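The structure appears below as structure tokens.
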Amino acid sequence: NAVHLTLGANLMLKLAIIYTSAMYLLMSPALSFSDQLELTNGDVIQGNLISESDDHILWMSTILGELSIKRSFVRTIQSEAIADPPIRINTTLKNLSIQPKYAGDMSISGSTASGNQSRRDWNIDLRLERRAKELRQIGLFEYENHNLDNIRASDAFEISYAADWFFKDHWFLRNELSFATDEVRAVELRYGVGSALGLQLIDDMNSKLSVESGLMWLSEEQNFGVSSDNLTWSWSLYYSLIFWNNVTIAHRQNINVAIDDIRDSESDFDVSLKLPLIDNLFAELKFEWLYDNQPVPGKELLDTQFSMGINYSW
């Protein structure tokens, strides 16, 4: 009986401690915390900070689980303490500085034929991107060399630079400058300058989607002394998706329509498929369509091209 009395006393003591603790928690201010991490693109992830290093932070998301995120992608961590009275604390990660982010890719493709037709084609595409805080800069270089039946090679190249300023969430203002020549289409010199309003609809590790629309001034000098200057309405779209085992499909389109004559327009579309080889090296298949409804006399309205080559991305 003494043993039973002792066990009963211990049980009653434990219940009393639990009851007292519960009443204390109920009567004292609530001390639960809800943290959120804000990325530079405006996305917010709920959870808790686990640890941080010079390059990455480890974050436990309430939905996605444990995440390793580059510091350059993180803007702030916000902690909200729910108490009486409410307390809100905004803190920036220790020593956090948004470092510029660099990316790019280069594609080289070529083809040759002999027999009834002697042909050699070379294409080189280079794209460089720099992102620092609200500013994204993009540089493009495209070069084509075509040689048919030992006739002098025809060259075409384009150099362009664009600066995107993200002024609110996913919205950005683009200023662009381009310079080009295309002997295949009898264009000796072409340059353009313009501004557009853009929207970055998707921007994550596996997919990107952006659209832009604005005004661009295009000046073109053609063979035989013909020239034209037009203020155009421009439209651009870019989409890319990574699926399966790092296979990438991308689509780009550009449309320019003359303001004073909507019948004068030019469209450029391309679709590419990148298949992984080793590390950052890919095999690339690319289809391109260029349509000009008022081409140089003697030239076709539509140009199409298929190329296959090697792509290196970083």
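The values are calculated or read from the model by the stated rules, or taken from the named source; none is laboratory data. Fair warning: this is a prediction, and the values are worked out from it, not measured in the lab. For neighbour counting, all protein chains shown are included, and Cβ atoms are generated from backbone atoms with ideal geometry for every residue, glycine included. When the accessible area is computed, the model is the full protein with side chains, heavy atoms only, and any ligands, DNA or RNA have been set aside. Shrake-Rupley method; radii C 1.70, N 1.55, O 1.52, S 1.80 Å.
Among the GluC sites (Glu not before Pro) within segment 119-199, which fall in a DSSP loop and have no more than 12 other Cβ atoms within 10 Å of their own Cβ?
The qualifying sites: there are none.
Keeping all protein chains in position, work out how much accessible area Lys299 exposes to a 1.4 Å probe, and write it in Å² to the nearest 10.
90
Provide Met205, Met60 ordered by accessible surface of protein heavy atoms (probe 1.4 Å), highest first. Could you put the intermediate results ahead of the total?
Details: Met205 165, Met60 75 Å².
The ranking, largest first, comes out as Met205, Met60.
When we measure straight from the Cα of Lys208, which aspartates and glutamates land under 15 angstrom away, once same-chain ones fewer than 8 places off are left out?
Leaving aside aspartates and glutamates fewer than 8 places away in the same chain, those within reach of Lys208 are Asp43, Glu129.
Roughly how many percent of the accessible protein surface of segment 165-282 is carbon and sulfur, given a 1.4 Å probe and a whole-percent answer?
Summing carbon and sulfur atoms, their accessible area is 61 percent of the total for segment 165-282.
At a probe size of 1.4 Å, how large is the accessible area of Tyr161, to the nearest 10 Å²?
Tyr161 exposes around 110 Å² with every protein chain in place.
Give the value in nm², to one decimal: projected area of the alpha carbon convex hull of segment 153-245, averaged over all directions.
8.2
At 1.4 Å probe size, put Asp204, Asp292 in order of accessible surface, largest to smallest.
Asp204, Asp292
What nm distance separates the two modelled labels at His251 and Ser265, each placed 7 Å from Cα along Cα→Cβ?
1.7
Which of the aspartates and glutamates could a cross-linker bridge to Lys299, judged by Cα under 17 Å and excluding same-chain residues fewer than eight apart?
Asp155, Asp182, Glu183, Glu188, Glu220, Glu221, Asp264, Glu266, Asp268
For Arg127, what accessible surface area do you get with a 1.4 Å probe? Give it in Å², rounded to 10.
50
Find the Rg to Rh ratio for segment 161-211, where Rh is the Kirkwood radius over alpha-carbon pairs and Rg uses the same atoms.
So for segment 161-211, dividing Rg by the Kirkwood Rh gives 1.15.
Over segment 205-300, what relative contact order in percent results from Cα pairs under 8 Å that are six or more residues apart?
20 percent.
Could you work out the mean projected area of the convex hull around the alpha carbons of segment 172-314, in square nanometres to one decimal?
Averaging across all directions leaves 9.5 nm² for the Cα convex hull.
Give me the percent of Cα-Cα pairs in segment 268-314 that sit more than 16 Å apart, rounded to a whole number.
Across segment 268-314, Cα pairs with separations above 16 Å total 52 percent.
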